[in-house]
Amino acid sequence: MSDKEEDANEDGDVNESSLKEIENGSMQSIKEHDTTGSSSDQVPEENQHEATDANESETIPQTLEMSEISSSSLPKEKASEFQETETEKEAKSSMSPVQDKEKEKCSLDSSEKLETLKKVPVDWTVDTKHVELLAYLYAEGLAEIPQDFLEVQAKKSLLHSVENASVSQMLIRESPSEMMFDDFTVQLHTRGLIEVPSAIFDTKKLKFLNLNNNEIKTLPQEIRLLKNLEILCMEENQLASLPPEICLLKKLRTLNLSHNQISSLPQNFSELSRLRCLLLSYNNIEKINFALEKLERLEVLDLSGNNVTLPDSISTMNKLNALFLHSCSISIFPKMVCYIPNLNKLILSENQIQSLPKEVKELKGLKECSLSNNKLTFLPVQLFQWLHIEKLRLDNNQLESLSDKVEKLEKLCDLNLSNNLLKIIPDSLCNCTMLERLNLNDNQLRQIPSSLYRLKYLRELYLSRNQLILLDEKIAYIKKLLILEISGNSLMYIPVEIKSCTEIIKIDLSYNKLAVFPLGLCALAALKHLNLSGNYISEITIDISFIKNLQHLNFSKNKLPSFSIHLCTLSRLSYLDLSNNEISTVPTSVHKMQCLQVLLLYNNKFTLFPRELCVLSHLKVLDLSENKIQFIPEDIKELSKLKVLNLSDNKFASFPNEICQLLSLQKLTLSQKNGLRLKSLTEEISKLKSLKELDISHNELQEIPESIGDIQSLVTLIANNNCLTKLPSSFSSLCNLCHLNLRENKLIYLPSDMHLLLQLKDIDFDENTLIRPPLEICKGKQLLPIIHYLENADQRDEKVLEKILKTISKNIPLEHLDYFCRKMQLDNDIIVNIENKRSFTLEEKVAEALNSWKAANQNLSPTAMVDQLIRILIISGLYYLSNKIKALKLCSRLVKF
């Protein structure tokens, strides 16, 4: 009997082909995680046919992805590896409309998917064929499940089980109604579970079980009861092994066990004959202890992050098309991989491979390969027999040359050779005419081939940090170029012919030796991003106004003497960096730059705050640090959308109160490490109700105002290198405070109510003179020990205060009673009342007076009360008694808790 017939018999009301369709979507999602841009070519043709056959209804989405099979389940290569950068996204947005439409068909945005799903009718019954789609809709909160659809008793049992499952103490419980589940899908990812809820095993029709990101240590034997399970995700748990019963899940197709502590799999694991996707990355697997070759349908295998030795039998796996061996401590290229007949994606990055064997020629169907971050010094000629290779990563190796035979890679679209030792690029590379992306950053190139213009499809060219002194004028022939990065070279001139690259949207010419603005750039009407920082340009041409679509402009670290009026013609500019120049004024025509959101003017020559900026109503980020500004104008309040303001290292005589009118401000930096240091902070700072980060470090502040407690939005407070001796009593009101830096102050005591700062997790009290708690308690930078100490210290201080009050009561002479009471500033009526209590002994009268004084000073801490009493005793002339109290106080400090 065929597999499909078995499925039909066992579960007649579920459409097998629909489920395939869902899984194909998830498989496609898995493969796309490690690539840049669209990766539809990575789906095996066989899978594409299977998905096509399964598409029985137009209402079912083509790619209903399971997002919980997360990117962390694939190799964690460097951030740039096979990932789409912002500039690449920008490049793709500029592709032709036809290409855009094709990509939209293959990859809908998640929001568009939801909108599409909302249009699907939801009044289905249990007889509907599209149960998976209805389950998905229910999980997204877009549909109600009909009452007769669910196994009612199983659902109730599952709810009860989930509510009672063991969870870690730090878990904030969510209501069961917020958990996404139905007859076919259980979503319990990131719930803090340390065991699998037992009632899950009562949902006999369960197909997709997601338990990612929990703390589960064991998988119970009852897993065998889930006969219909097809997708099991248990990534980011604490599994050390799997029960043999998992081998009874005969319908399992996708198994994600990445990021656990598994060292081996059950001997009968190969009985999971329908398994198509097996993700085992970042475990402790060293040896495959089962017949891997018997997993005849396996298409994706991820063993990244394991020090695993591959069995020779892997070469017989005919369906395997994607193999991930990222960061496996491999020093010798595994030859058996070369004989996997249908392999089209191979990831071997982050290893210690020094050479490639001649057997690599057998990888004739390979389309994508990453060998980045290894120790390759040369490439064998056999590698250039990969006639179907489209994406090849060889970055971060030690390659000194590239063979002329590279021209054989006729289908190559993406080649990354960055961070090597290349001095010459052969002209033959230009015969790879399908190249769209070429990365040669961080090599030793002195020139690039003059025949580069033959790469007519080239869209992205990266040549940064080489030794180039000339950019060939033939660059003009690369008509489709979108991104050009040549930073960190020695270019003194940019050929005017670059104006012919009319589709270019990003150019990075930073840190070269340009003294004149390149005129050819002014003809690039599509240009959006231009970086000319780190050059020697002193004047901006009027023709810059022709770059009408420019949105991002970086002119930092040049020789500009002024804020050019020609910049004000760039009406679409949203980001402008003019820092590290010699600018002292801003032209009035700046009001034309109404799209400007980020303006960086730090380290210039401003002595006055440029009032002209106050008309930029859409400005969100303003940096005027490292100038010599003394005053802030009232007009600053017009910057109503300003969120980030940096005024560090200026010459303010006092805190500029005008800042407090910026009600949208979220980050304020007034660190005066190299400026005129502030002595105090205004109470008006409490007006900044939206403030999330405040940096007042490197000043001479002796206190923080009480009003700081009103800024309950504050998340980060940086106040290191000041003269603070205490924290305000309102400090515990900062309920959202997470990061606190009070390093190098003069703090002696921390407030007792620190335990109210529930979100605080990053603290630094180093280099203070702390007594309460002692500095050694704070050095661990953990809040819990500090709280425990303060709680014990409070009890201790209260006991010390009571002992001191009793000592004083026993030692005040009768002739000093009246004078002592008046020095405590007791009301005259209270003093007379105490003196008239003839039945009281002298000790009782003094105790009564001290209790009245204590009640009137409840705002003081016990320690502060003791200090106040010592002062009163000295003023009263009771020096012997004051010395005795000092001795008691000193002894109490020597007691450690």
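The values are calculated or read from the model by the stated rules, or taken from the named source; none is laboratory data. The model shown is predicted, which means the values in this text are computed figures rather than measured ones. Every residue, glycine as well, gets a Cβ built from its backbone with ideal geometry; the counts of neighbours run over all protein chains shown. With ligands, DNA and RNA removed, areas are computed over all heavy atoms of the protein, side chains included. Shrake-Rupley method; radii C 1.70, N 1.55, O 1.52, S 1.80 Å.
Exactly one residue out of LEU613, LEU599 is closer than 30 Å to LEU509 by Cα and either in a helix (DSSP H, G or I) or of a type in the set (Asp, Glu) (or both), and it is LEU613.
Considering only residues that are among the polar types (S, T, N, Q), assigned to a loop (DSSP other than H, G, I, E, B) and either without any contact (Cβ under 8 Å) to a residue 12 or more places away in the chain or in contact with a Lys or Arg (Cβ under 7 Å, 6 or more places away or on another chain) (or both), which ones fall in region 307-325? Scanning region 307-325 gives a single hit, ASN321. Applying the criterion of at least 3 residues that are open to solvent by less than 40 Å² (accessible area, probe 1.4 Å) and either without any contact (Cβ under 8 Å) to a residue 60 or more places away in the chain or not basic (Lys, Arg) (or both) to the strands (runs of 3 or more DSSP E) found wholly in region 364-433 leaves 368-370, 414-416. Counting only residues that are more than 11 Å from LEU826 (Cβ to Cβ) and open to solvent by 40 Å² or more (accessible area, probe 1.4 Å), region 855-866 holds 4 of them. Might you check whether a residue that is in a helix (DSSP H, G or I) and of a type in the set (Phe, Trp, Tyr) occurs anywhere in region 877-894? Yes, the conditions are met somewhere in region 877-894. Meeting the requirement of 3 or more residues that are within 23 Å of LEU663 (Cβ to Cβ) and either touching a Pro at 6+ places or on another chain (Cβ under 8 Å) or touching a residue at least 12 places away in the same chain (Cβ under 8 Å) (or both), the strands (runs of 3 or more DSSP E) wholly within region 673-750 are 693-695, 716-718. Quick check on SER304: is it in contact (Cβ under 8 Å) with a residue 40 or more places away in the chain, touching a Lys or Arg at 6+ places or on another chain (Cβ under 7 Å), buried (at least 16 other Cβ atoms within 10 Å of the Cβ) and in a loop (DSSP other than H, G, I, E, B)? The answer is no for SER304. For region 771-778, the criterion of a residue being over 30 Å from ALA847 (Cα atoms), in contact with a helix residue (DSSP H, G or I) (Cβ under 6 Å, 6 or more places away or on another chain), in the same structural domain as SER730 (by the TED database) and open to solvent by 80 Å² or more (accessible area, probe 1.4 Å) is satisfied by no position. Check region 827-838 and report whether any residue there is without any contact (Cβ under 8 Å) to a residue 12 or more places away in the chain and β-branched (Val, Ile, Thr). Checking region 827-838: at least one residue is without any contact (Cβ under 8 Å) to a residue 12 or more places away in the chain and β-branched (Val, Ile, Thr).
Is there a residue being in a helix (DSSP H, G or I), aliphatic (A, V, I, L, M), in the same structural domain as ASP202 (by the TED database) and open to solvent by less than 10 Å² (accessible area, probe 1.4 Å) anywhere in region 276-289? No, region 276-289 contains no residue that is in a helix (DSSP H, G or I), aliphatic (A, V, I, L, M), in the same structural domain as ASP202 (by the TED database) and open to solvent by less than 10 Å² (accessible area, probe 1.4 Å). Taken over region 583-635, residues that are touching a residue at least 24 places away in the same chain (Cβ under 8 Å), open to solvent by less than 80 Å² (accessible area, probe 1.4 Å) and not polar (S, T, N, Q) amount to 26. Filtering region 465-502 to residues that are more than 12 Å from LEU452 (Cβ to Cβ), open to solvent by 10 Å² or more (accessible area, probe 1.4 Å), not in a loop (DSSP other than H, G, I, E, B) and not polar (S, T, N, Q) leaves GLU485, VAL496, GLU497, LYS499. Among the candidates ASN699, ASN650, the residue that is in contact with a Lys or Arg (Cβ under 9 Å, 6 or more places away or on another chain), open to solvent by less than 70 Å² (accessible area, probe 1.4 Å), farther than 28 Å from SER574 by Cα and at pLDDT 95 or above is uniquely ASN699. Checked against (1) in contact with a helix residue (DSSP H, G or I) (Cβ under 7 Å, 6 or more places away or on another chain); (2) under 28 Å from SER500 (Cβ atoms), TYR536 passes all but a single condition, namely (1). Each residue in region 307-330 was checked for being in contact with a Ser or Thr (Cβ under 6 Å, 6 or more places away or on another chain) and surrounded by fewer than 16 Cβ atoms within 10 Å (Cβ to Cβ), and 1 of them qualify.
In summary, CYS738 fulfils each of the numbered conditions (1) out of contact with any helix residue (DSSP H, G or I) (no Cβ under 9 Å at 6 or more places or on another chain); (2) open to solvent by 30 Å² or more (accessible area, probe 1.4 Å) with the single exception of condition (2). Considering only region 785-792, I want to know if a residue exists there that is outside the structural domain of ILE872 (by the TED database), part of a loop (DSSP other than H, G, I, E, B) and under 32 Å from the mean Cα position of the chain (by Cα). No, that holds for no residue.
Filtered by the rule that a residue be assigned to a loop (DSSP other than H, G, I, E, B) and surrounded by 22 or more Cβ atoms within 10 Å (Cβ to Cβ), region 198-215 gives THR203, LEU206, LYS207, LEU211, ASN212, ASN214.
Determine if region 738-754 includes at least one residue that is touching a Cys at 6+ places or on another chain (Cβ under 8 Å) and among the aromatic types (Phe, Trp, Tyr). The answer is no, given that none of the residues of region 738-754 is touching a Cys at 6+ places or on another chain (Cβ under 8 Å) and among the aromatic types (Phe, Trp, Tyr).
Checking each residue in region 557-576 for being open to solvent by 10 Å² or more (accessible area, probe 1.4 Å) and touching a strand residue (DSSP E or B) at 6+ places or on another chain (Cβ under 8 Å) picks out SER574, TYR575. Evaluation of LYS845 against the conditions (1) of a type outside the set (A, V, I, L, M, F, W, C); (2) touching a His at 6+ places or on another chain (Cβ under 9 Å); (3) over 22 Å from LEU727 (Cβ atoms) shows that the sole unmet condition is (2). In region 804-852, of all residues being within 16 Å of SER876 (Cα to Cα), out of contact with any helix residue (DSSP H, G or I) (no Cβ under 7 Å at 6 or more places or on another chain) and not in a helix (DSSP H, G or I), the one that is most open to solvent (accessible area, probe 1.4 Å) corresponds to GLN825.
Among (1) at pLDDT 90 or above; (2) surrounded by fewer than 18 Cβ atoms within 10 Å (Cβ to Cβ); (3) polar (S, T, N, Q), there is one condition SER733 misses while meeting the rest; what is its number? Of everything listed in (1) at pLDDT 90 or above; (2) surrounded by fewer than 18 Cβ atoms within 10 Å (Cβ to Cβ); (3) polar (S, T, N, Q), SER733 misses just condition (2). Among the residues of region 460-479, those identified as among the basic types (Lys, Arg) and farther than 19 Å from ASN419 by Cα are LYS474, LYS479.
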